Amino acid sequence: MGRLLRRVVPAVAIAVAGLFVCAGSNARADSPLALVTGDNYPPFADEKLAEGGTATALVRRVFDLMGRTTTVTFRPWRRGYEEMLHGRFDASFPYVRTTERERDVLYSLPIVTVRQEVFMAADRRFAFAGAADLKGRRICAALGYALPADLQQMLERGEIERTTPANSESCPGMLAAGRVDFFLQDKRIGTALIDRAGIPAGAIVVAPTPYATASLHLIVPRGHAQASRLIGDFNAALRRLQASPEYERLLALN
């Protein structure tokens, strides 16, 4: 269980199988909002980083502008997502948009945009220009991480294999050991994970061509009593923050 980070401020890769469980939170407008995020996603969400990571700082600041108090809890990604759906938390972040999740949650405007890069072992590097070059290969994607739609379809067709460790910190080691062929991450995240794993410099490289770009969002369960209002108010405050110099300062936090 992750450490609970509490900061009262005057108020910013999971497909869940089965039926949606309606969230039961009925937080009043003047009561603290319970937020949950995952760990090991530097620089955006990580207990080891200042303010819990860049996305954590951004989300807290947005709620600050809304005049809402918050608590932030770190959980394993899948567990936090499911607990949010069951009403334990009011919202979560930072998540990419997927068709599966859209059945269960409402998305905010993008908090930040990331570029998904293909990380591969230097001694087993392969040419990459698009998804077709990944056929027959093994991807490392931690529990709770959603694959891009085209890769998910390739997985379902048996064209790629997925190895799913408990957390993303395991992927660099698995790649270096030859247990997988690649993983996808924003360059900042992937580089930080490689450093933490103690992988020698140059042992893992990034393909010259990025896989895609993706946006990260705050999500609120559709069954939440205030879902539409929370997303609307959050989006309005996020726009104000992004129009100010403070947004860039927060992006540079970690």
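The values are calculated or read from the model by the stated rules, or taken from the named source; none is laboratory data. Worth saying up front: this structure is predicted, and the values here are computed from it rather than measured. Here the Cβ is made from the backbone with ideal geometry for all residues, glycine too, and neighbour counts use every protein chain on show. What goes into the accessible areas is simple: the full protein's heavy atoms, side chains included, and nothing from ligands, DNA or RNA. Shrake-Rupley method; radii C 1.70, N 1.55, O 1.52, S 1.80 Å.
Does the range 166-179 hold any residues that are buried (at least 17 other Cβ atoms within 10 Å of the Cβ) and within 18 Å of Pro76 (Cα to Cα), and which are they?
Of everything in the range 166-179, those that are buried (at least 17 other Cβ atoms within 10 Å of the Cβ) and within 18 Å of Pro76 (Cα to Cα) turn out to be Asn167, Ser168, Glu169, Ser170, Cys171.
Are there any helices (runs of 4 or more DSSP H) wholly within the range 180-254 with 3 or more residues that are open to solvent by less than 50 Å² (accessible area, probe 1.4 Å) and modelled with pLDDT under 95, and if so which?
Numbers: elements: 187-197, 227-242, 245-251.
Qualifying helices (runs of 4 or more DSSP H): 187-197.
Filter the range 43-69 down to residues that are assigned to a loop (DSSP other than H, G, I, E, B) and farther than 12 Å from Leu251 by Cα, then give me how many there are. First the steps, then the outcome.
Filtering the range 43-69 down to residues assigned to a loop (DSSP other than H, G, I, E, B) leaves 43-44, 46-49, 53, 67-69.
Filter again for farther than 12 Å from Leu251 by Cα, leaving 46-49, 67-69.
The qualifying residues number 7.
Cβ-Cβ under 7 Å, sequence separation 6+ or interchain: first residue in the range 224-240 and farther than 16 Å from Leu33 by Cα, partner assigned to a helix (DSSP H, G or I). Which pairs?
What qualifies is Leu238/Val62; Arg240/Leu65.
Got at least one residue in the range 82-104 being assigned to a helix (DSSP H, G or I), open to solvent by 10 Å² or more (accessible area, probe 1.4 Å) and farther than 26 Å from Pro42 by Cβ?
Keep residues of the range 82-104 that are assigned to a helix (DSSP H, G or I), which gives 82-85, 99-102.
Narrowing further to those that are open to solvent by 10 Å² or more (accessible area, probe 1.4 Å): 82-83, 99-100, 102.
With farther than 26 Å from Pro42 by Cβ added as a condition, the list becomes 99, 102.
For the range 82-104, residues assigned to a helix (DSSP H, G or I), open to solvent by 10 Å² or more (accessible area, probe 1.4 Å) and farther than 26 Å from Pro42 by Cβ: present.
Looking only at the range 42-71, which residues are in contact with a Lys or Arg (Cβ under 7 Å, 6 or more places away or on another chain) and open to solvent by less than 10 Å² (accessible area, probe 1.4 Å)?
Across the range 42-71, the qualifying residue is only Thr70.
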